[in-house]
Amino acid sequence: MNRLRNLTLSLLAQAFFVAAAFAQTHGTAAEAKALAEKAIAEIKAVGPEKAFEEFSAKDGKWQDRDLYVFANGYDGTTLAHGANKALVGKNLLDMKDANGKQFLKEMTDLAKAKGSGWVDYLWTSPQTKKTEPKSTYVLSIPGFSGFVGVGVYK
């Protein structure tokens with residue numbers, strides 16, 4: 001019986017350490033939403049052009065573990081991207097994920113219609129370089145034809 005108890009305690013301890021390691025490398029939904037709201041505040045403070053440059057810079061201010069800010073115009077053009085600056089200036093509205101979902105179109109439609117919300121899709125993690133399930137919080141930019149987004153890998 002002691003052996004079973006020790007095994008159970010050992011497995012629980014391992015599960016705790018795996019969960020703690022995951023939490024250290026992955027942002028939470030609450031943190032993603034807070035970073036998107038912080039990005040809107042920055043846009044209001046310094047203007048869209050300067051803020052978009054900041055979001056795409058690799059200085060760490062707008063990246064936290066696997067969280068990063070991106071911004072898109074409602075026309076589909078990527079205006080800022082904290083994980084892949086090469087996407088800036090590209091129109092990705094019709095891009096599909098590995099399951100064929102037009103996730104940027106869904107994000108655009110959601111931001112235009114409701115102002116904010118979550119969209120689920122598949123995307124390549126900048127940490128693992130693998131396609132993983134992701135959920136992104138999008139938030140419409142007041143007085144601007146576009147939105148910011150910050151996602152969490154699941």
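The values are calculated or read from the model by the stated rules, or taken from the named source; none is laboratory data. These numbers come from a predicted model, not from an experiment. Cβ atoms come from the backbone with ideal geometry, glycine included; neighbour counts cover every protein chain shown.
Computed values, structure above
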item: Residue among GLU54, GLU42, GLU106 that is at pLDDT 95 or above, within 18 Å of ASP120 (Cα to Cα), surrounded by 16 or more Cβ atoms within 10 Å (Cβ to Cβ) and of a type in the set (D, E, K, R); result: GLU106
item: Lone unmet requirement of (1) in contact with a Leu (Cβ under 6 Å, 6 or more places away or on another chain); (2) loosely packed, with under 14 Cβ neighbours inside 10 Å; (3) closer than 19 Å to LYS33 by Cβ; (4) not acidic (Asp, Glu) for ALA98; result: (3)
item: Subset of the stretch 80-96 [more than 15 Å from the chain's Cα centre (by Cα) and touching a residue at least 24 places away in the same chain (Cβ under 8 Å)]; result: VAL88
item: Check on ILE141, touching a Phe, Trp or Tyr at 6+ places or on another chain (Cβ under 7 Å) and either of a type in the set (Lys, Arg) or touching a residue at least 60 places away in the same chain (Cβ under 8 Å) (or both); result: yes
item: Filtered residues of the stretch 117-131 (kept if among the charged types (D, E, K, R) and at pLDDT 95 or above); result: ASP120
item: Subset of the stretch 127-138 [buried (at least 22 other Cβ atoms within 10 Å of the Cβ) and over 8 Å from the mean Cα position of the chain (by Cα)]; result: VAL138
item: Hits in the stretch 40-58 (condition: among the aliphatic types (A, V, I, L, M) and not in a helix (DSSP H, G or I)); result: ALA57
item: Given (1) at pLDDT below 95; (2) among the charged types (D, E, K, R); (3) exposed (fewer than 13 other Cβ atoms within 10 Å of the Cβ), index of the condition LYS114 fails; result: (1)
item: Boolean, PHE16 is among the aromatic types (Phe, Trp, Tyr), surrounded by 10 or more Cβ atoms within 10 Å (Cβ to Cβ) and either more than 24 Å from PHE144 (Cα to Cα) or modelled with pLDDT under 85 (or both); result: yes
